[in-house]
Amino acid sequence: MKNKTFTTVIFVRHAQAVQNEDDRNRPLTEAGLKDAGIVLETLRGRDIHVFASSPYQRSLQTILETSRYFDLPIFTDERFRERKVGTDEPSMLKNRWADFSFAEKDGECLQHVQDRNIAALQALLHEHAGKTIVVGTHGTALSTILHYYDPTFDVNGFLRIVDWMPYIVELVFEGDRLVSKKELAHVDKAPED
C-alpha cells in the first residue's frame, strides 16, 4: 500500500499596513510590525521548510522575522499578489462575491484572482510535497483560495476575517486535495485610517 503524503500550507494574511496609493509598496504600520510577532509566536517549534509570498511589501514584512528565525529565504510569486482595485464603491463588494466575473472599472474580478492564486498554490504543492510551507498573502487573495476549497466561504466569510491582520490559517493537503483547515491565530485590527 502506498504511503500518503501530506503537505501543510500555512497562509499568513499580512498585518496592518499604511494606507496610500502605492499598493505594491505599502509597508506595515508601527502597530502592524508589532503584531507580525504573532507569526513567530504561532510557528515557533514547527518544522517549516519553505517560505513563499506575494511580492507586496506588507506580506513580505509580516513573515520576514519568522523566515529569519528559521534561516530560510522568502520566495516571491507574483500570482499570490492582491486583487487589483479599480474605481471601487462599498456596494461593489457584494456584486463581486455574487458574480466572480464582475469587476469594477479598471479592477480585477475575483475569478482571475482565484485562478492565479490556485495555480501558484498547486505549483507549491507539487514542488514541495510532504513539506510545511508558509505563504504571505492578502485578505481577498486568501479568501478566494478558501472559497475554492469551500464554496460556502462567501462574502460573509470574507467580512468575518476582513479586519484580522495578521490572520494565520493552516491547510493540509493530500496531493491536491484539501483534508483539513485550522485557524491558528489572528489579531483583530481595522485598516489604518
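The values are calculated or read from the model by the stated rules, or taken from the named source; none is laboratory data. All figures in this text were calculated on a predicted structure; none of them were measured in a lab. Don't worry about glycine lacking a Cβ; one is built from the backbone with ideal geometry, like all the others, and counts go over all protein chains shown.
Restricting the search to the range 2-36, which residues are farther than 21 Å from ASP176 by Cβ and assigned to a strand (DSSP E or B)?
VAL12, ARG13, ALA17, LEU28
Against the definition (of a type outside the set (D, E, K, R) and either in a helix (DSSP H, G or I) or farther than 20 Å from GLN16 by Cβ (or both)), how does GLY136 come out, yes or no?
It is false that GLY136 is of a type outside the set (D, E, K, R) and either in a helix (DSSP H, G or I) or farther than 20 Å from GLN16 by Cβ (or both).
Going through ASP106, ASP71, ASP88 one at a time, which residue ends up being in a loop (DSSP other than H, G, I, E, B), modelled with pLDDT of 95 or more and over 20 Å from GLN16 (Cα atoms)?
The match here is ASP71.
Just one of GLY86, GLY139 is in contact with a strand residue (DSSP E or B) (Cβ under 9 Å, 6 or more places away or on another chain), of a type in the set (Gly, Ala, Ser) and surrounded by fewer than 21 Cβ atoms within 10 Å (Cβ to Cβ); which is it?
Just one listed residue meets the conditions, GLY139.
All but one of (1) farther than 18 Å from PHE80 by Cβ; (2) touching a strand residue (DSSP E or B) at 6+ places or on another chain (Cβ under 8 Å); (3) not in a strand (DSSP E or B) hold for LYS94; state the number of the condition that does not hold.
Every listed condition holds for LYS94 apart from (2).
Out of everything in the range 144-154 that is of a type outside the set (Val, Ile, Thr) and under 15 Å from the mean Cα position of the chain (by Cα), what residue ends up being surrounded by the most Cβ atoms within 10 Å (Cβ to Cβ)?
LEU146
Taking the range 155-193 on its own, how many of its residues are within 12 Å of the chain's Cα centre (by Cα) and in a strand (DSSP E or B)?
Here the count works out to 8.
Taking the residues in the range 109-133 that are among the β-branched types (Val, Ile, Thr) and not in a helix (DSSP H, G or I) as candidates, determine which candidate is surrounded by the fewest Cβ atoms within 10 Å (Cβ to Cβ).
THR132
Can ARG26 be described as surrounded by 13 or more Cβ atoms within 10 Å (Cβ to Cβ), more than 24 Å from HIS147 (Cα to Cα), in contact with a strand residue (DSSP E or B) (Cβ under 8 Å, 6 or more places away or on another chain) and modelled with pLDDT of 90 or more?
For ARG26, the condition - surrounded by 13 or more Cβ atoms within 10 Å (Cβ to Cβ), more than 24 Å from HIS147 (Cα to Cα), in contact with a strand residue (DSSP E or B) (Cβ under 8 Å, 6 or more places away or on another chain) and modelled with pLDDT of 90 or more - is met.
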